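**Q** Take this structure, written in structure tokens, and hold onto it; I'll ask about it next.
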Amino acid sequence: MASRRALVAGNWKMNGLKGSKAEITALLKHWDKANPKPKCDILICPPALILERLKLAANGSRLKFGGQDCHANPSGAHTGDISAEMFKDAGAAFVIVGHSERRADHNESNDQVQAKAQAVHRAGLIAIICIGETQAERKAGNTIKIVNAQIKGSLPKGVTAKNTVIAYEPVWAIGTGLTPTVQDVEKVHSAIRKQLTKLMGGDEADKMRILYGGSVKPANAGELMAASDVDGALVGGASLKAKDFWGIIQAYT
Ligand code: PGA
């Protein structure tokens with residue numbers, strides 16, 4: 001098995017103002033003090049408007065920043081949209097695409113997600129492609145079928161383990177405090193890796209990071225991050241406070 005460097009990513013969603021810089025400072029304090037240091041990459045995806053300000057506050061540290069969504073085009077007449085190139089310009093290294101809130105609130109299809117992921121690659125950034133089943137799909141026993149179809153439909157040409165991370169987020173686990181069992185998470189992550197093997201070949205699939213997301217908290221991070229084929233977390237609510245986010249990161253110390 002390839003050794004995959006874990007990634008703990010915080011998705012702030014529509015939360016955060018200029019003052020949120022204090023959370024970045026607090027997070028860096030935890031990191032500075034930690035001994036041993038966590039063996040994972042750490043990423044914050046704040047609202048686009050404050051990304052550059054937070055990056056400056058992080059002051060050349062190893063903390064990485066990312067966007068939460070982007071338009072498929074590099075520029076043009078698209079009022080209100082932000083391109084992957086703009087995220088790069090602001091200092092981002094990653095962009096999340098296909099989050100279930102985008103798929104639900106903005107009716108984003110796999111085709112659109114694929115075009116956005118392609119745009120992220122075009123800009124030279126890493127795409128975090130989100131997939132996951134709804135409660136009804138899980139109840140109907142269709143979880144694996146759904147995530148396989150989402151992977152097939154959302155992965156662009158030229159995808160590699162370097163330019164892409166997969167985030168498995170069951171829709172019913174996001175922001176609800178509910179999580180699948182560790183066994184369920186392992187089952188889905190292993191199916192995802194199988195599907196990636198089919199699409200990209202074994203070597204590349206083996207190197208690809210697959211994150212789990214959905215109600216990850218300091219209290220459950222240890223067991224979820226220890227699950228096989230789980231290479232980190234995509235964290236919403238618990239990433240807003242440095243103390244909670246650090247509690248999750250500690251799964252890798
Ligand atoms: P949550 O969100 O941690 O608040 O459940 C996860 C996500 O949507 O990425």
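**Q** Roughly how many debye, to the nearest 20, is the charge dipole of the stretch 14-252 about its Cα centre, given +1 on each Lys and Arg Cβ, -1 on each Asp and Glu Cβ, and no other charges?
**A** Taking the Cα centre of the stretch 14-252 as origin, the dipole is about 440 debye.
**Q** Roughly to the nearest percent, how much of the accessible area of the stretch 14-252 is carbon and sulfur, given a 1.4 Å probe? Let's see the in-between values first.
**A** Numbers: 5780 of 11110 Å².
Roughly 52 percent, rounded to a whole number.
**Q** Something else: So for the chain, taking the charge dipole from beta-carbon charges (+1 Lys/Arg, -1 Asp/Glu), which of M225, I144, G202 sits furthest toward the positive end?
**A** Checked the options; the winner is M225.
**Q** Which percentage, to the nearest 5, of the DSSP beta bridges contained in the chain is antiparallel? Please report the intermediate quantities before stating the final value.
**A** Working: 0 of 30 bridges.
Within the chain, antiparallel bridges account for around 0 percent of the total.
**Q** At what distance in angstrom do the alpha carbon centres of the stretch 2-52 and the stretch 238-253 lie from each other?
**A** Taking the Cα centre of the stretch 238-253 as reference, the centre of the stretch 2-52 is 9 Å away.
**Q** Counting Lys +1, Arg +1, Asp -1, Glu -1, what net charge surrounds H71 among other residues with beta carbon under 11 Å of its beta carbon? Could the numbers behind the result be given before it?
**A** On the way: positive: K116; negative: D69, D81, E85.
It works out to a net charge of -2.
**Q** If you count only protein heavy atoms with a 1.4 Å probe, what accessible area per residue comes out for the stretch 14-252, rounded to a whole Å²? All intermediate terms of the calculation are to be shown ahead of the outcome.
**A** Numbers: 11110 Å² over 239 residues.
Dividing the accessible area of the stretch 14-252 by its residue count gives 47 Å².
**Q** Using the Kirkwood formula over every pair of different C-alpha atoms, what hydrodynamic radius in Å results for the stretch 134-253?
**A** Working: mean 1/r = 0.0677 Å⁻¹.
By the Kirkwood definition, the hydrodynamic radius is 14.8 Å.
**Q** Taking R0 as 30 Å, what FRET efficiency do you get between A77 and L49 from their Cβ-Cβ distance, rounded to the nearest 0.05? Before the final figure, lay out each step's value.
**A** On the way: r = 21 Å, r/R0 = 0.70.
Computed FRET efficiency for A77 and L49: 0.90.
**Q** Moving on. Treating cross-link reach as a plain straight distance, find the aspartates and glutamates whose alpha-carbon is under 19 Å from the alpha-carbon of K116, omitting any fewer than eight places away in the same chain.
**A** Hits, sequence-local ones excluded: D69, D81, E85, D89, E101, D105, E108, E169.
**Q** Under 19 Å from the 7 Å Cα→Cβ point of N59, by amide nitrogen: which residues of the stretch 84-119?
**A** It comes to no residues whatsoever.
**Q** By how many nm would the segment from Q135 to D32 lengthen if fully extended, with 0.36 nm per residue of separation less the alpha-carbon distance?
**A** Numbers: separation 103, 0.36 × 103 = 37.08 nm, distance 4.03 nm.
The span from Q135 to D32 would gain 33.0 nm if fully extended.
**Q** What does the convex hull of the Cα atoms come to per residue for the stretch 72-226, in Å³? Each step should come with its number before you reach the end.
**A** Working: hull volume 19.1 nm³, N = 155.
Once divided by residue count, the hull of the stretch 72-226 is 123 Å³.
**Q** Let me ask another. Net charge around A123, counting only other residues with Cβ within less than 12 Å of its Cβ (Lys, Arg = +1; Asp, Glu = -1)?
**A** Numbers: positive: K88, K116, R122; negative: E85, D89.
Charge balance near A123 sits at +1.
**Q** Provide the net charge surrounding Q150, with neighbours chosen by a C-beta distance below 12 Å and charges set as Lys +1, Arg +1, Asp -1, Glu -1.
**A** Its environment carries a net charge of -2.
**Q** Provide Rg and Dmax in Å for the stretch 12-139, with only Cα atoms included in the calculation.
**A** Looking at the stretch 12-139, its Cα Rg and Dmax stand at 15.9, 49 Å.
**Q** According to a simple spin-label model (label point 7 Å from Cα along Cα-to-Cβ), what is the distance in nm between N163 and S190?
**A** 3.2 nm
The values are calculated or read from the model by the stated rules, or taken from the named source; none is laboratory data. Since this is a predicted model, take the numbers as computed values, not measurements. Note that we place each Cβ from the backbone using ideal geometry, even for glycine, and neighbour counts take in every protein chain shown. These area figures cover heavy atoms from the full protein model, side chains too; ligands, DNA and RNA do not enter into them. Shrake-Rupley method; radii C 1.70, N 1.55, O 1.52, S 1.80 Å.
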